[in-house]
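Visitor: What follows is a single structure, and I will ask about it in a moment.
Just so it is clear, none of the values below were taken in a lab; they were calculated from the coordinates. As the structure is a prediction and not an experimental result, all values here were calculated from the model. As a convention, Cβ positions derive from the backbone with ideal geometry for all residues, glycine included, and neighbour counts pool all protein chains shown.
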Amino acid sequence: MDRIVFTNASLFDGDRAPRAGATVVVEGGRIAALDPKGATDGERIDLGGRTLMPGMVQGHFHSTYRDIGAQKWVFGFEKAPIYHAYIAAENARRALYCGFTSVVGASAAWDVDASLRDAIEDGLLEGPRVVPSSHDLVTTGDATDNRPGYMEISNLAAARICDGPDEFRHAVRDEIKRGAEMMKVFVSGGHFVTRAQEHVAMTAAELEATVEAAHGRGCRVRAHAAGKRAILQCLDAGVDIVDHADGMDDECIGRLAEAGTFVLPSLYLPLCMLQRMGDPVEDGKTEYRTDGGREFAHMCSVLGKADAAGVRIATGDDFGSVGVPHGDYAKELEVYVRHAGISPLTVLRWATRNGGALTGWGDVGTIEVGKRADLVVVDGDPTSDITILQDESRLHAILKGGTFVKPLPT
Ligand SMILES: [Zn+2]
């Protein structure tokens with residue numbers, strides 16, 4: 001079965017509002033034609049008006065996270081290195097069956113991401129397409145470097161400790177040699193990581209050396225940057241992806257849009273943390289008691305403006321943190337609709353079209369002729385009710401590269 005003709009689809013192509021009665025032809029793993037004229041050979045599948053949409057992209061994927069924060073271990077040493085690989089295999093499978101056919105790494109322990117990508121490509125594991133990430137590159141004593149001072153242990157669990165431009169440059173080159181295609185650095189505190197968002201952890205020279213070394217070898221850089229100062233520092237250095245950006249204001253928005261820098265607000269983790277802390281997060285309640293609550297409210301209030309200004313926003317969150325399990329990916333999408341007032345259609349563009357751009361591959365995230373046939377058949381219209389995507393029974397079929405991962409129900 002090489003040629004599939006989906007008929008009677010409500011087509012959400014990753015950009016425009018759904019269009020009823022569409023025909024989509026898949027051949028050789030890619031989209032071969034849209035609404036072809038005349039008869040078309042192939043296996044015809046009548047979708048009965050169900051939504052056909054691009055596979056989504058989880059743009060902030062921690063493959064080795066599982067109940068992170070629940071155990072008082074040095075980060076990345078919660079389990080044996082090999083066990084982390086099994087965690088990653090399970091998380092990858094979960095993502096695929098949730099309709100996320102591509103993931104972009106945001107750091108993983110023990111070089112797991114590169115092997116995860118290879119194992120999936122080689123057919124050893126079921127999983128999405130993977131942009132493999134580096135370890136967390138962090139400065140001594142910051143962010144995920146939570147080693148007690150007396151403990152002399154390897155850098156290479158989750159946190160890789162670097163100080164000074166030369167050490168960052170060396171780390172970048174070594175991480176690329178180990179298979180990373182995305183470099184992850186911690187530029188600020190905030191977003192429920194240690195220290196306040198105003199805390200800036202890297203010098204301008206360290207960040208510039210990181211970006212220069214990465215770009216010099218075709219690798220991109222993503223930064224945990226929550227506060228305004230850190231966001232501007234990222235822009236000055238040419239960072240490709242700003243994770244969180246909680247302190248984004250008009251100046252940041254203008255510069256992020258101009259530079260084409262991606263922003264991943266990743267507001268599901270803060271929502272879960274605030275709920276656990278009992279800080280109000282329900283609609284209409286804005287009397288936040290905590291810094292985290294006020295940062296959440298601020299980000300919700302500026303996201304629409306950022307989108308309208310042309311900032312490239314994508315989705316993906318810290319799943320695998322305690323209380324935020326892998327598999328809940330679609331719950332992040334609901335946060336932007338419920339708490340930031342963004343339309344479901346716009347949020348779905350972030351999860352598909354923009355996520356596809358985030359991968360850097362150029363051929364995923366939209367349904368267009370020539371793009372990879374990574375597709376999800378949904379029972380219902382997620383562009384009017386985004387919560388549908390949280391219900392796996394409503395994901396009637398999932399295809400990756402034109403092959404059914406999850407077949408249509410018979
Ligand atoms: Zn993260």
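Visitor: Which three lengths, in whole Å and largest first, does the chain cover when its Cα atoms are put on their principal axes?
Guide: 70, 48, 38
Visitor: Continuing with the same structure: Counting other C-beta atoms within 10 Å, which of Ser107, Ser393, Ser115 has the fewest, and how do the rest follow?
Guide: Final ranking by Cβ density, sparse to dense: Ser393, Ser115, Ser107.
Visitor: Next question. Hydropathy first: keep DSSP H helices in the chain averaging at least 0.5 on Kyte-Doolittle, then drop any whose Cα extent along the axis falls short of 30 Å, and list what survives.
Guide: Numbers: long enough: none.
Helices meeting the criterion: none.
Visitor: I need His396, His215 ordered by Cβ neighbour count within 10 Å, fewest first. Walk me through the numbers on the way to the answer.
Guide: Working: His396 19, His215 15.
So the ranking, lowest neighbour count to highest, is His215, His396.
Visitor: Here's something else I'd like to know. With only Lys, Arg, Asp and Glu charged, each at its Cβ (+1 for the first two, -1 for the last two), find how big the charge dipole of the chain is about the Cα centre; round to the nearest 20 debye.
Guide: Numbers: 43 positive and 59 negative charges, 107 e Å.
Rounded to the nearest 20 debye, it is 520 debye.
Visitor: If we count other beta carbons within 10 Å of each Cβ, what is the order of Arg312, Arg19, Arg229, Arg353, fewest first? All intermediate terms of the calculation are to be shown ahead of the outcome.
Guide: Numbers: Arg312 20, Arg19 13, Arg229 16, Arg353 23.
Fewest to most other Cβ atoms nearby, the residues stand as Arg19, Arg229, Arg312, Arg353.
Visitor: With N residues in the range 342-410, what two-decimal value do you get for its Cα radius of gyration over 2.2 N^0.38 Å? Write out the running numbers ahead of the final one.
Guide: Working: Rg = 12.5 Å, N = 69, 2.2 N^0.38 = 11.0 Å.
Here the answer is 1.14, to two decimals.
Visitor: Length gain on complete extension for the stretch Phe404 to Tyr150, per 0.36 nm per residue less the alpha carbon to alpha carbon distance? Walk me through the intermediate numbers first.
Guide: Details: separation 254, 0.36 × 254 = 91.44 nm, distance 5.19 nm.
Taking Phe404 through Tyr150 to full extension adds about 86.3 nm, to one decimal.
Visitor: Ignoring everything except DSSP H segments at least 4 long, calculate the 222 nm mean residue ellipticity for the chain; use -39,500 (n - 2.57) per segment, divide by total residues, nearest 500. Display every interim value, and only then the final one.
Guide: Values: 11 runs with 121 residues, N = 410.
Using -39500 (n - 2.57) per qualifying helix, the result is -9000 deg cm²/dmol.
Visitor: Please list the equivalent ellipsoid semi-axes of the range 270-410, computed as the square roots of five times the alpha-carbon gyration tensor eigenvalues, in descending order and whole angstrom. Before the final figure, lay out the partial values.
Guide: Details: eigenvalues 175, 65, 36 Å².
They are 30, 18, 13 Å, listed from largest to smallest.
Visitor: Which of Leu274, Leu232, Leu124 ends up with the largest GNM mean-square fluctuation for the chain, with Cα atoms connected below 10 Å?
Guide: Highest fluctuation of the listed residues: Leu124.
Visitor: Compute a Gaussian network model of the chain, connecting alpha carbons closer than 10 Å, and tell me which residue from Glu212, Glu152, Glu198 fluctuates the most.
Guide: Maximum fluctuation in the GNM of the chain, among the listed residues, is at Glu152.
Visitor: For the chain, with a Gaussian network of springs between Cα atoms less than 10 Å apart, report the residue from Ala226, Ala180, Ala17 with the top mean-square fluctuation.
Guide: Checking each option, the largest mean-square fluctuation is seen for Ala17.
Visitor: Compute the relative contact order of the range 56-359 as a whole-number percentage, counting only Cα pairs closer than 8 Å that sit 6 or more residues apart in sequence. Intermediate results must be reported in sequence, preceding the final value.
Guide: Details: 666 pairs, mean separation 57.9, N = 304.
Relative contact order comes out at 19 percent.
Visitor: Round to a whole angstrom and tell me the spacing of the C-alpha centers of the range 264-313 and the range 35-106.
Guide: First find each Cα centre; the distance between them is then 25 Å.
Visitor: Considering every pair of different Cα atoms, what Kirkwood radius, in Å, is found for the range 1-124? Each step should come with its number before you reach the end.
Guide: Working: mean 1/r = 0.0585 Å⁻¹.
By the Kirkwood definition, the hydrodynamic radius is 17.1 Å.
Visitor: Given bins 5 angstrom wide, list per bin the percent of all Cα-Cα distances in the range 249-311, short to long.
Guide: Pair shares across the bins are 3, 18, 26, 19, 15, 13, 6, 1.
Visitor: For the range 319-326, what does the Karplus curve 6.51 cos²θ - 1.76 cosθ + 1.60, with θ = phi - 60°, yield as ³J(HN,Hα) per residue in whole Hz, taken in order and with x for Gly and Pro?
Guide: Result, ordered by residue: 5, x, 6, 4, x, 10, x, 3 Hz.
Visitor: Moving on to the next point. Pull up the cross-link candidates among the lysines for Lys72, meaning alpha carbon to alpha carbon under 26 Å and not fewer than 8 places away within one chain.
Guide: Excluding near neighbours in sequence, the set is Lys184.
Visitor: Can you give the Rg to Rh ratio for the range 56-134, taking only C-alpha atoms and Rh from Kirkwood?
Guide: Details: Rg = 11.7 Å, Rh = 12.3 Å.
Over the Cα atoms of the range 56-134, Rg/Rh equals 0.95.
Visitor: Compute the distance from the alpha-carbon center of the range 139-154 to that of the range 182-196, in whole Å.
Guide: Between the Cα centre of the range 139-154 and that of the range 182-196, the gap is 15 Å.
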